[in-house]
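*Asks:* Next up is a structure, given as structure tokens.
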Amino acid sequence: MHAIHAMWLREVKRYLRSRVQIIASLAQPMMYLLILGFGLSPVFQQAGQGNYIQFVAPGVVGMSVLFSSVFSGVGLLFDRQFGFLKETLVAPVPRALIMIGRTLGSATNAVLQGTLVLTVCIIAGFRPASLAQLPLAFGFMILIAIVFAALGTAMGSVLKDMQGFQIIMNFIVMPIFFLSGALFPLTNLPPVLKILTSIDPLSYGIDGLRTELINISHFGASVDFTVLVIAAVAFISLGSYLFSKIEI
Amino acid sequence: MIRVHELVKTYGEFRAVDNISFTVPPGEIFAFLGPNGAGKTTTIKMLTTLLKPTSGSLTLDGLSPATHQTEVRKRFGIVFQDPSLDGDLTAYENMDIHGVLYAVPARLRAERIESLLKLFELWDRRDGFVKTFSGGMKRRLEIARGFLHTPKILFLDEPTLGLDPQSRNQLWGHVKNLNESEKTTVFLTTHYMDEAERVAHRIAIIDHGKIVAQGTPDELKTQTKTDSLEAAFLALTGNSIRDESANAGADNLRQFTQMWRR
């Protein structure tokens, strides 16, 4: 328990100390929200789907949680490069606990980042449907963060250097984002896209956020919740297994 | 305390560690010497559960790292050859997280961290981020950290690399103290033969993954008919290089200057 807490605290401290990075990582979600948001708004409106800013804001929050949790998880690579990883690998603590501590730390950072993005969205004109449902929205943010921090740690355990990071970004993280329905509604999609979007765990995260923030739901909140919990358990198990197999 | 039997580690065709056997009794300071790439660090990684051996057996305190990983990890401390600190944490935080991972109780942890940081003259900089430290300071911090949980076995992989003579002296002083007062078994590697000769009870010399000689410093010198450990080391490991490049003169000269420096 102490080990989990120590590793968690370390991740959170590192995040809070990297102020420049916190601000810098706001840029991308803001471009999606403001440029894409206002740019596509007229078309979206004409198609009878309502206000695009309202629609895309939960997607942008989910996106920032996805990116920061994966990055934070893959931070394992930096620790490999700078050596701190060894210190945790020889510690007399089951490696699964180290992995869980790291993952929870990364997830916490992602939720903080998501909260920051949500705040900026509200400043930019986004209006959540009901304040009473905000805690549930946070619940979904936490689940998304845990799922993808665990996935990030799992991937970080397998990669040997920073070159693999690009591959992960382009072939795993970006597809997860684009297939999640963060930018478009999941209704009336071509069959192939329909299948791909429904096997993307982030689709359920974004859907959950949308359910709680703007009362638009595709799968239903209980389906979203169940899928995310299963994905979290699966990725944490996978991550712990891969992390415990690391050799240096 | 450490028992290694016919240990082998191969990477594809390359035999990094080739059938080595040795034992280190409790309370001994054992130096593992060899040229770069001889297999020292690979051996330490296998002893410290970071690598799985290809074949052969090893036990620490009677326990096999393969079956009792956590138990084995509780018993040793290690100072790695390359850095293993978190640069975004302060010196104190680096010590503290180590203490937590090794289950040192909070009060004892605070006391020991203070005394070790004072001992290694880092107490004034305890709240400084490690990334702002000089090479020597980082090294001292790593060594202080290795002492924090009073391990039964201490692995030191080239701990004095990049340290000034003052810090090196001080470090070996601490290691000897710890060995005498707590009966800590010490397994060290170094490229400084004078250090090995001064602190080690016994020495094994490894080259191309094989142990070429073992014994006390005196035994090694007698065996090679040399008068210093450095000369013995060169006699045991330097042959092939000397024969190939035929620069025996340079080696003699090096020995010569070494003698004059004393």
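*Asks:* Applying the selection to region B:64-88, what residues are crowded, with 17+ Cβ neighbours inside 10 Å, more than 7 Å from chain A (Cβ to nearest Cβ) and over 21 Å from the mean Cα position of the chain (by Cα)?
*Replies:* The one that is crowded, with 17+ Cβ neighbours inside 10 Å, more than 7 Å from chain A (Cβ to nearest Cβ) and over 21 Å from the mean Cα position of the chain (by Cα): B:His68.
*Asks:* What is the number of the single condition among (1) assigned to a helix (DSSP H, G or I); (2) away from chain B (no Cβ under 14 Å) that A:Gly48 does not meet?
*Replies:* (1)
*Asks:* Could you list, ordered by first residue, the pairs with Cβ atoms under 9 Å in which the first is in region A:19-48 and over 17 Å from A:Met174 (Cα atoms) and the second is surrounded by fewer than 14 Cβ atoms within 10 Å (Cβ to Cβ) and at pLDDT below 90, at least 6 apart or interchain?
*Replies:* Within 9 Å, the pairs are A:Phe44/A:Gly50.
*Asks:* In addition: Give A:Leu242, A:Leu213, A:Leu228, A:Leu209 a once-over and let me know the one that is over 18 Å from the mean Cα position of the chain (by Cα) and either in contact (Cβ under 8 Å) with a residue 12 or more places away in the chain or under 24 Å from A:Ala137 (Cα atoms) (or both).
*Replies:* A:Leu242 is the lone residue from the list that is over 18 Å from the mean Cα position of the chain (by Cα) and either in contact (Cβ under 8 Å) with a residue 12 or more places away in the chain or under 24 Å from A:Ala137 (Cα atoms) (or both).
*Asks:* Related question: Among residues belonging to region A:59-84 that are buried (at least 21 other Cβ atoms within 10 Å of the Cβ) and within 11 Å of chain B (Cβ to nearest Cβ), point out the one that is modelled with the highest pLDDT.
*Replies:* The qualifying residue modelled with the highest pLDDT is A:Phe84.
*Asks:* Just a yes or no: is a residue in region A:91-100 among the basic types (Lys, Arg), more than 22 Å from A:Leu33 (Cα to Cα) and without any contact (Cβ under 8 Å) to a residue 40 or more places away in the chain?
*Replies:* no
*Asks:* Residues in region A:1-39 that are more than 17 Å from the chain's Cα centre (by Cα) and not in a helix (DSSP H, G or I): how many?
*Replies:* Counting residues in region A:1-39 that are more than 17 Å from the chain's Cα centre (by Cα) and not in a helix (DSSP H, G or I) gives 2.
*Asks:* Now for a different question. I need a count of the residues in region A:207-227 that are part of a helix (DSSP H, G or I), within 15 Å of A:Gln133 (Cα to Cα) and not aromatic (Phe, Trp, Tyr).
*Replies:* Number of matching residues: 10.
*Asks:* Within region B:16-62, which residues are of a type in the set (Val, Ile, Thr), over 23 Å from B:Val175 (Cβ atoms) and surrounded by fewer than 18 Cβ atoms within 10 Å (Cβ to Cβ)?
*Replies:* B:Thr54
*Asks:* Could you go through region A:191-205 and let me know if any residue there is over 19 Å from the mean Cα position of the chain (by Cα) and more than 25 Å from A:Val43 (Cα to Cα).
*Replies:* Scanning region A:191-205, I find at least one residue that is over 19 Å from the mean Cα position of the chain (by Cα) and more than 25 Å from A:Val43 (Cα to Cα), so the answer is yes.
Results for (1) in a helix (DSSP H, G or I); (2) more than 28 Å from B:Thr226 (Cα to Cα); (3) at pLDDT 90 or above, shown as yes or no for each residue.
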position	(1), (2), (3)
B:Ser115	yes, yes, yes
B:Asp127	no, yes, yes
B:Glu142	yes, yes, yes
B:Leu156	no, no, yes
B:Asn169	yes, no, no
B:Trp172	yes, no, yes
B:Asn177	yes, yes, no
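*Asks:* Considering only region A:230-241, I want to know if a residue exists there that is outside any helix (DSSP H, G or I) and farther than 26 Å from A:Val43 by Cα.
*Replies:* So far as region A:230-241 goes, no, none of its residues is outside any helix (DSSP H, G or I) and farther than 26 Å from A:Val43 by Cα.
*Asks:* For region B:128-144, which positions are of a type in the set (Phe, Trp, Tyr) and either under 12 Å from B:Leu117 (Cβ atoms) or not assigned by TED's automatic domain parsing to the domain that holds B:Asp157 (or both)?
*Replies:* Listed by number, the list is empty, since nothing qualifies.
*Asks:* Sort out which residues of region B:177-217 are among the polar types (S, T, N, Q) and within 13 Å of the chain's Cα centre (by Cα), and write them in order of number.
*Replies:* Answer for region B:177-217, where residues must be among the polar types (S, T, N, Q) and within 13 Å of the chain's Cα centre (by Cα): B:Thr185, B:Thr189, B:Thr190.
*Asks:* If you don't mind, there's one more thing I want to ask. Kindly indicate the residue of region B:1-46 that is among the acidic types (Asp, Glu) and not in a strand (DSSP E or B) and also modelled with the lowest pLDDT among those meeting that condition.
*Replies:* Here the answer is B:Glu13.
*Asks:* Within region A:18-38, does at least one residue satisfy the condition of being touching an Asp or Glu at 6+ places or on another chain (Cβ under 7 Å) and within 14 Å of chain B (Cβ to nearest Cβ)?
*Replies:* No - not one qualifying residue is present in region A:18-38.
*Asks:* Related question: Got a number for residues in region B:9-20 being under 10 Å from B:Ser55 (Cα atoms) and more than 20 Å from the chain's Cα centre (by Cα)?
*Replies:* 2
*Asks:* Within region A:86-116, which residues are assigned to a helix (DSSP H, G or I), surrounded by fewer than 24 Cβ atoms within 10 Å (Cβ to Cβ) and among the aliphatic types (A, V, I, L, M)?
*Replies:* Across region A:86-116, the qualifying residues are A:Leu89, A:Ala96, A:Leu97, A:Ile98, A:Ile100, A:Leu104, A:Val111, A:Leu112, A:Leu116.
*Asks:* Residues that are of a type in the set (Phe, Trp, Tyr) and surrounded by fewer than 15 Cβ atoms within 10 Å (Cβ to Cβ): does region A:212-232 have at least one?
*Replies:* no
The values are calculated or read from the model by the stated rules, or taken from the named source; none is laboratory data. Bear in mind that the values here come from a model prediction, so they are computed numbers and not experimental data. Note that we place each Cβ from the backbone using ideal geometry, even for glycine, and neighbour counts take in every protein chain shown.
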